[in-house]
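See structure below.
The values are calculated or read from the model by the stated rules, or taken from the named source; none is laboratory data. No experiment lies behind these values; they were computed from the predicted model shown. Quick reminder, even Gly has a Cβ in these numbers, built from the backbone with ideal geometry, and neighbours come from all protein chains shown.
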């Protein structure tokens, strides 16, 4: 099989199970590619080459004995550098934690290892998982075009997966940081229902907004990872005790009702994004889905509250090191924490009440449709120059997150999917949103759409 580094897990796993593909050889393909390309892409914070080789050898020996653990067995993955890895530095994109070596794996890393996955290393990210990278740490480079955004905090996860430096990755999403990098890099990524995946052993940005999920080359691969990591964890008391791990079911698009708010979806979105969404709608209709116009609750208002809510929670998460070590923080994360520290209790309570009311309205809306179809961002493939202008304009930044942050506040699951390229050959993404606990409907719909399209099979020229 040619170009192993771009193959989907769902195609590699049967070969490994049949002993036609060696986990040792596959792991070396990725380690060689990391060595060749990552000095220019900066996707990895640290490569765990020795650990990966040892794990690959163990997986191969186990599989040869007939002890095959499932579709992740022998598959090389990587994880964002805020997930604890036993004995390996976990810095969360910061300098303040650059010497932190956890004594245990995070729950999701442990579950991946238990499934037989090979961990290639830790992926670079923005400082503390907020908006920008620490000034002293090189930022990942978009393999589709160095002048273009890599998509916020799970930037290394997006770049490494898109560039074929791992089969798939784990990321986190607090305001869009799984979905933005997937849209920027032509990937499929799932932000699950809040609490569906354990956050034990994961550095916090904002506890009530943080979501852990997979970033992959296809919905089928995202489903494989999600089934491995989801479910209740006694080490995380906020994880959902009602979920059953490993559930999966087929979903056909025929007969599904897709909700669409044409006014919200077109609010400030550029022509390239709107054309891409029209193509998605045409494809969904051709596959038998029903498209129904809906009126979405006031996303503009709720997106405008996201930073204040995030700031309070981030201030709590960093209380041990900020302001005591404030000089080690970059300007963006410092500013966010200062926003949170300055907010009064009554103001924060009003934010929580507003969030609860918004969540209830979204719950009601999702009782009338199976899925919502929403853009990921209003501007397709923004450049760094465009992002710099957004950062200087609070209203423009609010507009950027109006399609993502509302679902962090409400906790509803969202699946980001690629839907074509701009005229300049840069990826465009959109998202499906489902009822809470509706991940399998999301993933099944994504699989069905990707069986009928090839948008997810485009790769950067590297």
request  = Would you please name the residue that is surrounded by the fewest Cβ atoms within 10 Å (Cβ to Cβ), looking only at residues in the stretch 216-239 that are part of a loop (DSSP other than H, G, I, E, B) and in contact (Cβ under 8 Å) with a residue 60 or more places away in the chain?
outcome  = 235
inquiry  = Quick check on the stretch 136-152. Is at least one of its residues within 27 Å of residue 4 (Cα to Cα), under 11 Å from the mean Cα position of the chain (by Cα) and free of Cβ contacts under 8 Å to residues at least 60 places away in the same chain?
reply    = yes
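Results for (1) in contact with a strand residue (DSSP E or B) (Cβ under 6 Å, 6 or more places away or on another chain); (2) at pLDDT below 95; (3) closer than 24 Å to residue 444 by Cβ, shown as yes or no for each residue.
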residue	(1), (2), (3)
71	no, no, yes
110	no, no, no
114	no, no, no
137	no, no, no
141	no, no, no
157	yes, no, yes
167	yes, no, yes
181	no, no, yes
185	no, no, yes
request  = Of all residues in the stretch 355-386, count the ones that are over 28 Å from residue 132 (Cα atoms) and assigned to a loop (DSSP other than H, G, I, E, B).
outcome  = 4
ask   = Where residues in the stretch 264-274 are in a helix (DSSP H, G or I) and touching a residue at least 24 places away in the same chain (Cβ under 8 Å), which of them is nearest to residue 432 (Cα to Cα)?
value = 265
ask   = Which of the residues belonging to the stretch 71-90 are in a loop (DSSP other than H, G, I, E, B) and touching a helix residue (DSSP H, G or I) at 6+ places or on another chain (Cβ under 9 Å)?
value = 71, 72, 73, 74, 75, 81, 82, 84, 86, 87
request  = Considering only residues that are modelled with pLDDT of 95 or more and assigned to a helix (DSSP H, G or I), look in the stretch 387-423 and name the one that is surrounded by the fewest Cβ atoms within 10 Å (Cβ to Cβ).
outcome  = 410
task = Hey, can you tell me all the residues within the stretch 280-305 that are closer than 13 Å to residue 256 by Cβ and not in a helix (DSSP H, G or I)?
result = 287, 288, 289, 290, 291, 292
task = Please work out if residue 7 is out of contact with any strand residue (DSSP E or B) (no Cβ under 7 Å at 6 or more places or on another chain) and more than 21 Å from residue 110 (Cα to Cα).
result = yes
query = Residues 281, 352: which one is closer than 30 Å to residue 428 by Cβ and at pLDDT 95 or above?
reply = 281
request  = Could you run through the stretch 362-385 and say how many residues are modelled with pLDDT under 95, surrounded by fewer than 20 Cβ atoms within 10 Å (Cβ to Cβ) and either touching a strand residue (DSSP E or B) at 6+ places or on another chain (Cβ under 9 Å) or under 22 Å from residue 434 (Cα atoms) (or both)?
outcome  = 2
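Quick grid of which residues meet (1) touching a strand residue (DSSP E or B) at 6+ places or on another chain (Cβ under 7 Å); (2) within 18 Å of residue 375 (Cα to Cα); (3) surrounded by fewer than 22 Cβ atoms within 10 Å (Cβ to Cβ):
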residue	(1), (2), (3)
272	yes, yes, yes
278	no, yes, yes
282	no, yes, yes
317	no, no, yes
324	no, no, yes
key: Looking only at the stretch 32-70, and only at residues there that are surrounded by fewer than 16 Cβ atoms within 10 Å (Cβ to Cβ) and in a loop (DSSP other than H, G, I, E, B), the one that is farthest from the chain's Cα centre (by Cα)   = 65
